[in-house]
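Take a look at the structure below.
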Amino acid sequence: MRTTRRAMMTSALALPAFAAASLVARRAEAGAFDVADAGWEGGAELFQIAKTELGAERVKPVATLDWSALKPEDGLLVIHPTDELDAAEATEFMKLGGRVAILDDFGRGDDLLRRFKIERVTMPARPLAALRNNQQLPIAEPWLDVARGQIGAPHPVVSNVRQLVLNHPTALIHPDLSPVLKVRCAGGVDAIVAVAGQVGKGRLFAMSDPSSLINSMLRYPGNRAFGAGLVRYLANDNDRGQGRLFVVTNAFKQEGSVGGERSLGRDIEDALRSLAENLAEARKIGLPTWMLALLAALAVASLAVWVGRASGRPYKSPLPRYARPVPLVARGGVAGRFAMLAAPSSPKSLVLLELKSALFEAVSQRFGLDAHPSADAVLKAVRQSGQVPAALIGELEQVVAKMQRAEASVLAGSSSRVSREAIDEAHRVVAEVLAACCALEPPRMKGPVGPVSSPEPPHHPEAPAP
């Protein structure tokens, strides 16, 4: 029994598939191989043969293959499929006793054939026997197995067939399955066109020329006998009871599962496959007119809603860059430098380096040192001045050492941890040292201080009058 969760999941996945299916208008007209087509390439004659052999009520041509409706005694005839046959369901059906025949040359039948290691190849170009010497119409004959000098019986499908006229066939290659039909070719090479084998309790029959059973080809006795033998083999064998024959041709849908039980994975796979098939057909034949009109109306409505919301939304006029206030950090001079040092993201070691720069610059100007004096030169000048107490000089040496360590860490790309107390202590020591050295006073100008009178012009005595 399916759980509620599985049913909900299946419904959710089936919705997009159903929506995609509604976009596609499938054509109901008959085509090649179709049992409703009485034209030269249709399958109406084969359908009539099947009804004659089995009875009309036992022949089920379907457009949607319901795997859950198949029973082990039933048979499945697949002719030139243009949709991929569910290989997992087909395998499960055969394992339970069902029989599957797939007749295909250039359709999607190779998807199932590859699962059983059957490969389609090109037919050799020079058959020994051909209708009207046309190499595209080679003549096949039953494969007779020769073992221990004795010729075995042909396969039941071709037990009443002597020759079968093919129509532009391909050939099959398989390492294990039993050959059923062959075409003799030049060079002693036989091309196999039909194989059969056992899968579980069931059987698999594969042939590479579905055109051998179209209406125009069934006028040949061998082809007609082959069609009747295939129908009997699939659904009316001695141990088959009253099995039914399901026939699918060209494009068809699939649903259900063999035995009626389905896993969540199978439900998901079926929904995705149905969605992919419907989308592929929609790309091929296009969308219906009403759907195009609906999509256009939705696009226009969406555009109108977007324009209405965008036009009614108030926008704040941006302030020009030249009129915006400049942050203190971006300014130059003392204000910008102070803002940079006071910023929360700036390391405290920069403040310590600022104190060091102020100390060295003031001492250099006070005692006439170089523009960039060393720490030893600054300390030496302070000691020799005789104006700073010895205890304060000791504190200054410790502060200068901390400043040098902070500077080294900044140059190395890492910031040392400097506490607020250390900065306050350094500020106090630097201020006291500069005050003791009188370095806080502006430098005095050399020479006399006061107004300078402009020089008087030279006096030239007047010459006496004659």
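Around the amide H of T82, modelled in the peptide plane, lie the amide H atoms of R108, N250, A251, F252, all under 5 Å away and 5 or more residues distant in sequence or on another chain. Identify the trypsin sites (Lys or Arg not before Pro) of the stretch 366-438 meeting these criteria: DSSP loop state and at most 16 other C-beta atoms within 10 Å of the C-beta. Here the sparse-neighbourhood loop sites are R417. In this structure the amide hydrogen of G42, modeled in the peptide plane, comes within under 5 Å of the amide hydrogens of F33, N215, S216, none closer than 5 places in sequence on its chain.
Less than 5 angstrom separates the built amide H of L65 from those of K253, Q254, E255, all sequence-distant by 5 or more or on a different chain. Centre-to-centre separation between the Cα atoms of the stretch 358-383 and those of the stretch 404-422: 22 Å. DSSP finds beta bridges in the stretch 31-251, and of those with both partners inside it, around 55 percent are antiparallel.
Here K201 is the anchor, and the lysines within straight C-alpha reach of less than 30 Å, apart from those fewer than 8 places off in the same chain, are K51, K60, K71, K95, K117, K182, K253. Estimated at 0.36 nm per residue, the fully extended path between L279 and L319 surpasses their Cα-Cα distance by 9.2 nm. In a simple Cβ point-charge model (Lys, Arg +1; Asp, Glu -1; nothing else charged), the stretch 328-436 has a dipole of about 220 debye relative to its Cα centre. Listed values for the stretch 95-102 are Karplus-derived 3J(HN,Hα) couplings in whole Hz (6.51 cos²θ - 1.76 cosθ + 1.60, θ = phi - 60°), namely 4, 7, x, x, 10, 10, 10, 10, and x replaces Gly and Pro.
Remark: the Cα gyration tensor places the stretch 33-129 in the oblate category, a/c being 1.5 or greater and a/b not exceeding b/c. The Rg/Rh ratio for the stretch 31-251 is 0.94, where Rg is the radius of gyration of the alpha carbons and Rh is the Kirkwood radius. 3J(HN,Hα) along the stretch 201-216, derived from phi through the Karplus expression 6.51 cos²θ - 1.76 cosθ + 1.60 where θ = phi - 60°, amounts to 8, x, 9, 10, 10, 10, 9, 9, 9, x, 5, 5, 10, 6, 4, 5 Hz, with x in place of Gly and Pro.
Within a 10 angstrom radius of the beta carbon, how do S349, S302, S208, S311 rank from fewest other beta carbons to most?
Lowest count first: S311, S302, S349, S208.
3J(HN,Hα) along the stretch 418-425: 10, 7, 5, 5, 5, 5, 4, 5 Hz, from the Karplus curve 6.51 cos²θ - 1.76 cosθ + 1.60 with θ = phi - 60°, whole Hz, x for Gly and Pro.
FYI, it's all coordinate maths here, none of it is from the lab. As the structure is a prediction and not an experimental result, all values here were calculated from the model. Virtual Cβ from ideal backbone geometry, glycine too; neighbours counted across all protein chains shown.
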